[in-house]
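Input: a single structure, listed below in structure tokens.
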Amino acid sequence: MVQAASEAVGWDALPQILAKIKAPEFANRTFDVTDFGAKEGGKVLCTEAIKKAIDACVKAGGGKVVVPAGRFLTGPIHLQSNVNLVVSKGATLVFSDNYEHYLPAVFVRWEGEECYNLSPLIYANGCENIAITGEGTLDGQGPKWWKWREEEGDPYRVANNIKKGWANDGLPVEERVMGEGDMRWCPTFISPINCKNVLIEGLTLIDGPFWNVHPVYCENVTVRGLEIINDGPNGDGCNPSSSKYVLIEDCVFKTGDDCIAIKSGKNEDGRRVGRASEYIVVRNCVMKDGHGGVVIGSEMSGGVRNVYAEDCVMDSPNLDRALRIKTNSERGGAVENVYMRNVEVGQVDEAVLKVNLFYQKGTGDHMPSVRNILMENVTCNKSEYGLLIKGDERSPITGVTLINCAFNNVEKGNVLEGVTDLDLRKVTMNGERVRE
């Protein structure tokens, strides 16, 4: 009898998890956006033409909506079930930097809390069998958004201050409306929410205004072969949020924040929703710049479990950590069963493994728990620390195991605070055997 994925242990569960992740297939029908009025050149807004092509595709029973070679300016694109948006080789979709084009506000999860905000550049809600594929480029025109965000007294900061009281005050989600008037945040780049059977493949994403690929409450998601280039603030590469059965493979990340950050909601709102991220697989990826290669948190109040990362390369003086877990006692939630193997780290600026239960000095009565972390065959040629672990005596980090790992040119050694059941097997640092 074959065990269910939820019953299998460690790496033995991986084949069963991967068997549940299947990319959607689409009918052999093609709808060229230029046949619906889209104009190449990047001067004419093509939002309505792309919408018409999607509507026609849906009416016909599904298929491919194709953006041919050329430069096309557009506002937000809202996908529908059974539609594959194909951005062809030589094609660039340039997304408008006019925030009014992203109204009316739509339901999103913004930095871990449910609300209504400017539409993501590519958005879907409650859809099945959707895809964004091709060899083309998506240009989010991030620098223009970042400049607006950084202006003194801008609406971004005003909105952030208002958001702090939402969940604690019990404000209904339908009343949490940003994007209209003087209060708004940068939109995410690609964000399917409440969707099943999602494929995002082959594209180059440059300069997203905010987080780049952000599946929320999704199941069966494949993110494959992307190159994500974004050195802006909060320019995270791929952030699954309260999603399950997610495969991220063969991607290249050069980001201004975390390359991959797995999340599940923030504080009271994350606990209210109560949905974990689970069965997340990362493999064959290259992490260049970023705050971390594979990261969990900090918005993880709904819990994160069963995360697998293997066969990746991480290497940059601008990459801070390889595996990072960040949380605090405002967050609550549990992180458990995190596995990493066969990862080559050229250099990271801070630590190969960092676990911090005091992230941003947040304090509260919701102690998170972190348990069962396994690193195997992980090497690093240069870092400030090997292990940088700071647990809380109220909730020690438990079950950290390293097997056959070698960390060289480590400047400051290890920091091990608030951790129990540390198991180091065949681990060397600067050429010498490390013992607990």
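The values are calculated or read from the model by the stated rules, or taken from the named source; none is laboratory data. Nothing here was measured: the structure is a model prediction, and the numbers come from that model. Methodologically, a virtual Cβ is constructed for each residue, glycine included, from the backbone with ideal geometry; neighbour enumeration extends over all protein chains shown.
Hey, can you tell me all the residues within the range 44-86 that are within 25 Å of Tyr99 (Cβ to Cβ), of a type in the set (S, T, N, Q) and buried (at least 22 other Cβ atoms within 10 Å of the Cβ)? The one that is within 25 Å of Tyr99 (Cβ to Cβ), of a type in the set (S, T, N, Q) and buried (at least 22 other Cβ atoms within 10 Å of the Cβ): Thr74.
For the range 139-164, the candidate set comprises residues that are at pLDDT below 85 and among the basic types (Lys, Arg); within that set, the residue that is surrounded by the fewest Cβ atoms within 10 Å (Cβ to Cβ) is Lys164.
Being among the polar types (S, T, N, Q), under 23 Å from Arg371 (Cα atoms) and loosely packed, with under 15 Cβ neighbours inside 10 Å is not true of Thr398. Hey, among the residues in the range 203-232 that are outside any strand (DSSP E or B) and charged (D, E, K, R), which one's modelled with the highest pLDDT? This residue is Asp207. A count restricted to the range 138-174 and to residues that are within 26 Å of Gly364 (Cα to Cα) and charged (D, E, K, R) stands at 4. Of all residues in the range 317-336, which are surrounded by fewer than 21 Cβ atoms within 10 Å (Cβ to Cβ) and touching a residue at least 60 places away in the same chain (Cβ under 8 Å)? Passing the criteria: Ser329, Glu330. Consider the range 267-291 and keep the residues that are of a type in the set (S, T, N, Q) and at pLDDT 95 or above. The one that is surrounded by the fewest Cβ atoms within 10 Å (Cβ to Cβ) is Asn284. For the range 291-316, a residue qualifies if it is closer than 25 Å to Lys382 by Cα and touching an Asp or Glu at 6+ places or on another chain (Cβ under 6 Å), and the qualifying residues are His291, Gly292, Val295, Val313, Ser316. Taken over the range 165-202, the criterion of being under 22 Å from the mean Cα position of the chain (by Cα) and surrounded by fewer than 21 Cβ atoms within 10 Å (Cβ to Cβ) is satisfied by Asn194, Lys196, Glu201, Gly202.
Just one of (1) more than 30 Å from Ala276 (Cβ to Cβ); (2) exposed (fewer than 15 other Cβ atoms within 10 Å of the Cβ); (3) modelled with pLDDT of 95 or more fails for Lys22. It is (1). Check whether at least one residue in the range 213-225 is farther than 20 Å from Gly126 by Cβ, in contact with a Ser or Thr (Cβ under 8 Å, 6 or more places away or on another chain) and in contact (Cβ under 8 Å) with a residue 24 or more places away in the chain, and report yes or no. Taking every residue of the range 213-225 in turn, none turns out to be farther than 20 Å from Gly126 by Cβ, in contact with a Ser or Thr (Cβ under 8 Å, 6 or more places away or on another chain) and in contact (Cβ under 8 Å) with a residue 24 or more places away in the chain. Selection over the range 351-385 of residues that are among the charged types (D, E, K, R) and modelled with pLDDT under 95 gives a count of 2. Put simply, of Glu150, Glu128, Glu114 the only residue that is under 18 Å from the mean Cα position of the chain (by Cα) and in the same structural domain as Ile193 (by TED's automatic domain parsing) is Glu114.
Restricted to strands (runs of 3 or more DSSP E) entirely inside the range 333-436, those with at least 1 residues that are within 25 Å of Ala13 (Cα to Cα) and not small (Gly, Ala, Ser) are 334-345, 351-356, 369-380, 397-407, 419-429. Restricting attention to the range 244-265 and to residues that are out of contact with any Ser or Thr (no Cβ under 6 Å at 6 or more places or on another chain) and closer than 17 Å to Gly303 by Cβ, the residue that is surrounded by the fewest Cβ atoms within 10 Å (Cβ to Cβ) turns out to be Lys244. Of the residues that make up the range 225-240, is at least one over 30 Å from Gly90 (Cβ atoms) and more than 14 Å from the chain's Cα centre (by Cα)? Yes; the residues of the range 225-240 include at least one that is over 30 Å from Gly90 (Cβ atoms) and more than 14 Å from the chain's Cα centre (by Cα). With a requirement of 2 or more residues that are within 21 Å of Ala105 (Cα to Cα), the strands (runs of 3 or more DSSP E) lying completely within the range 29-91 that satisfy it span 70-74. Count of the range 233-249 residues, restricted to those that are on the phi > 0 side of the Ramachandran plot and part of a strand (DSSP E or B), is 1. With respect to (1) under 20 Å from Asn98 (Cβ atoms); (2) not in a strand (DSSP E or B), the lone exception for Ser191 is condition (2).
Being surrounded by 13 or more Cβ atoms within 10 Å (Cβ to Cβ), over 29 Å from the mean Cα position of the chain (by Cα), at pLDDT 95 or above and more than 20 Å from Asn82 (Cα to Cα) is a property that Lys39 has. Counting the residues of the range 116-166 that are in a strand (DSSP E or B), within 20 Å of Pro68 (Cα to Cα) and of a type in the set (Gly, Ala, Ser) gives 1. Candidates are the residues of the range 338-367 that are in contact with a strand residue (DSSP E or B) (Cβ under 9 Å, 6 or more places away or on another chain) and among the charged types (D, E, K, R); the one that is farthest from Ile325 (Cα to Cα) is Glu344.
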